[in-house]
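Working notes for the structure below.
The values are calculated or read from the model by the stated rules, or taken from the named source; none is laboratory data. Keep in mind the model is a prediction, meaning the values are calculated, not measured. Note: ideal-geometry Cβ built from the backbone for every residue, glycine included; neighbour counts use all protein chains shown. The protein model used for the area step is the full one, side chains on, heavy atoms only, and it has no ligands, DNA or RNA in it. Shrake-Rupley method; radii C 1.70, N 1.55, O 1.52, S 1.80 Å.
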Amino acid sequence: MTPHLEIAHRRIGPGEPVFIVAEACDNHFGDLDTAKEMVRQAKLAGADAIKFQHHLPDEEMLPDAPMSANFDEPLYAFLKKHALRLEDHRALKATCESVGILYLCTPVSFKAAQELHELGLPAFKIGSGEMTDIPSLLRIAEFGKPMILSTGMSTFEEIDETVRALTARRAAFALMHCVSEYPPRYEDLNLGVIRLLQARYPDLV
């Protein structure tokens with residue numbers, strides 16, 4: 001059986017048109033008007049969907065977590081200043097619907113996933129950092145919506161464990177090859193991993 005995933009009536013998988021997701025991330029710096037313009041530009045660029053992130057800093061990390069070398073300030077402080085609020089996500093979802101592009105979002109905690117589920121999110125995009133958080137993934141799977149899981153930073157053995165857990169729950173999910181390097185160097189892209197993922201998990205998209 002050829003694997004496919006369906007998100008908002010869009011069939012994704014072998015033999016189907018490429019499904020292009022524009023990455024909005026937190027590049028709006030918390031400005032809703034900027035985020036809305038990103039939606040419009042993603043639509044003009046031909047993307048099928050645009051993906052934001054829903055951060056609840058106090059659900060994700062401790063205020064004194066070690067600072068990453070690629071930030072000028074602690075991530076906790078950055079998110080406290082720049083993370084979109086739930087009402088902002090509601091407005092962005094409406095903007096997406098008005099211009100004809102699919103709104104997606106990454107919850108970075110289970111509470112964020114709960115809020116996005118109540119908002120009517122059609123699918124969950126799981127970030128590389130949460131790929132191995134199996135307890136949270138199993139709870140998110142209970143919402144009954146498709147999940148796209150990024151595999152950056154994970155070993156094949158870790159991916160195996162997550163795949164086994166979600167498969168046992170009959171969750172609908174896909175794996176995404178991801179390079180956790182921003183921006184990645186060409187020599188680090190290693191797109192051949194996609195073929196390895198397809199061979200290792202033939203029943204997944």
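Numbers at a glance
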read-out	value
Average Cα contact separation per residue, region 1-131, under 8 Å, 6 or more apart, as relative contact order %	25
Nonlocal amide H pairs with I7, under 5 Å, H built at 1.01 Å	I12
Under the Karplus curve 6.51 cos²θ - 1.76 cosθ + 1.60, θ = phi - 60°, whole-Hz ³J(HN,Hα) for region 176-187, x wherever Gly or Pro sits	10, 5, 9, 10, 7, 8, 10, x, x, 7, 3, 5
Per residue accessible area in Å² of the chain, where ligands, DNA and RNA are left out and the probe is 1.4 Å	56
Between region 171-205 and region 1-66, the alpha-carbon center distance in angstrom	17
Net +/- balance of residues flanking L5 in space, Cβ distance below 14 Å, scoring K and R +1, D and E -1	+1
Packing-based order for 83-89, 5-11, using average beta carbon neighbours within 10 Å, highest first	83-89, 5-11
Percent RCO, i.e. relative contact order, over region 1-67, from Cα pairs under 8 Å lying at least 6 residues apart	29
CD proxy at 222 nm, helix term only [per DSSP H run n ≥ 4: -39500 (n - 2.57); per residue of the chain; nearest 500]	-11500 deg cm²/dmol
Accessible area in the full protein assembly, largest first, 1.4 Å probe, for Y186, Y76, Y201	Y186, Y76, Y201
Dipole in debye (nearest 20) - region 120-190, about Cα centre, beta carbon charges: Lys, Arg +1; Asp, Glu -1	460
Where labels lie 7 Å past Cα in the beta-carbon direction, separation of M67 and A8 in nm	3.8
Accessible area (Å², 1.4 Å probe, nearest 10) - V99	50
Projected label distance in nm at A91 and N27, using a 7 Å step from Cα toward the beta-carbon	2.1
Region 136-205, accessible surface, carbon-and-sulfur percent (1.4 angstrom probe)	54
Computed over region 63-205: relative contact order in percent, which uses C-alpha pairs under 8 Å that are six or more apart	15
Solvent-accessible area, 1.4 Å probe, carbon plus sulfur percent, for region 1-67	55
Residue-count net charge about C178 - beta-carbon cut-off 14 Å; Lys, Arg +1, Asp, Glu -1	-3
Three-way shape label, region 117-194, alpha-carbon gyration tensor, a/c 1.5	prolate
Net charge of neighbours whose Cβ lies under 11 Å from the Cβ of I148, counting Lys and Arg as +1 and Asp and Glu as -1	+3
